[in-house]
1. If packing is taken as the average number of other Cβ atoms within 10 Å across a peptide's residues, how do 149-159, 54-64, 74-84 rank, most packed first?
2. Over the stretch 1-64, what is the mean sequence separation of C-alpha contacts under 8 Å (at least six apart), divided by residue count, expressed as relative contact order in percent?
3. Convex hull volume of the Cα atoms in the stretch 1-148, per residue, in Å³?
4. Quick one, could you list the DSSP H helices from the chain stretching 15 Å or more along their long axis (Cα atoms) with average Kyte-Doolittle hydropathy of -1.0 or above?
5. So how much slack lies between SER47 and LYS292, counting 0.36 nm per residue of separation and subtracting their Cα-Cα distance, in nm?
6. For the stretch 234-287, calculate the relative contact order in percent as a whole number, restricting contacts to Cα pairs under 8 Å that are 6 or more residues apart.
7. Counting pairs of alpha carbon atoms under 8 Å apart in space and at least six apart in sequence, what relative contact order in percent does the stretch 4-208 give?
8. Can you say what percent of the DSSP beta bridges in the stretch 111-199, counting only those with both residues inside, are antiparallel? Round to 5.
Amino acid sequence: MPKVTVIIPTYNRRHIIGKAVESVLAQSEQDLEVIVVDDGSEDDTHSIIMSFNDDRISYFYKTNGGAASARNFGLSRAVGKYVAFLDSDDFWPDHYLKTMLTQLQINSEFGAAYSPITVIHPDGSKAKSYKRPEGKSGWITVDLFKRGFIWPSAVVFQKSVWENFCFDEALRTSEDSDAFLRLSMRTQFLFVPDVEAFHIISKDSLSAKEGIVCTRLLVLERFYFQLNGNKFIPSQLARRRLSHACRKVAEDKRLRGERAAALSLFRHAVYYWPADIRLYIGIAKTLLLSNKNDKEPNWKMPDPLGNPVGSALFG
C-alpha cells in the first residue's frame, strides 16, 4: 500500500497537466500513487497521461460532473494512508510531499497540514496568493469562516479524516472552501511554512469566472444556519462576515448593471449588519441604474445536504 495518494482532477488541460504529473513523479517521497480523474475532457488528455508509462499512475475517464465530483471519484479509489489533491494547473517542488508528510507524522494529532502557495502569472511573474495563509494551526473553523485561505493543492490530509465525508457535488465553485470549512469542525489543521505549492494562472481558470463569489456567500450561509456552524462561530462575527460577503457580490452586480440583483443583495447585507453605512451608499447608487433590461436574481440557498452521494458524507 502506498504511503500517499495524489489525486489530480482535470478537464481539458492537455496543454498543462504534464507539468503537474511530472512534479508528483519527481517527489523525493516516492512511495505514492497518482490517480488522474479526467472529468470528461475533449482534448486528448489521455495520451498525455499514458506517455508517462509509470505504473504508479492510474487514469480514469468519467462524464463531466465538476471538480467536486472528480475529487470524490479519486477519494473513493485512494488507498494511501495520506491523501493530497493537485489541480492540473498546479505543481509542487520535489521536496513538497516529504516535508508535509514528515510534519503530519511528527504532529499526529493534526488531520491536515497546509502550506503557502505562489501564483505564477501568464507572463511568468510570481506573486504570493491573494489567499494568503493565516499561518495558524489548530482548530481554525472561525478563521476559515472569516476568509478562505487554503488551496486544494496546498494541503495534505490523513485519509482517515475523509471517512464518511466528501466534497459537495451540488457546488460547481467554492466546493473546496466549503469542504475545508466543514472538515475544520472534525480535525485540526497544521500550518507548514517550510515549503510551498505553485499555481499557474490560465485563461480558463474557474476562479476568473462570474458567480464564484456568490457561491461562496451561499456556502457561508448554509454552513452557519444549516450545518451547525453557529456552534463554532459567534453570532456577531457571523453576521458581519455574511454582510460583507453580500456587499461584495452586490457591488459586483451593481457594476455589471444588474439593478434588481444588486438591490436584493444589498438588502440582504443590511439585514445582517445594518450599521454598515457603505450598504446605504450602495443602495443609492444602485437605484440610479436603469432597469430596462434587468431581471430578478435567482437567489436560493443551497440545500444543506445537496450532495447526491448521500447525507452521511456531510458529517
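1. 149-159, 74-84, 54-64
2. Reported as a whole number, the value is 40 percent.
3. Enclosed volume per residue, from the Cα hull, is 129 Å³.
4. Once both thresholds are applied, what remains is 96-106, 212-226, 259-272, 277-287.
5. 83.2 nm
6. Answer for the stretch 234-287 is 37 percent.
7. Over the stretch 4-208, the number comes to 26 percent.
8. Rounded to the nearest five, the antiparallel share is 55 percent.
No value in this document is a laboratory result; all are computed from the given coordinates. Everything quoted here is computed from the prediction, not taken from an experiment. All Cβ positions, even for glycine, are placed from backbone atoms using ideal geometry, and neighbour counts span all protein chains on display.
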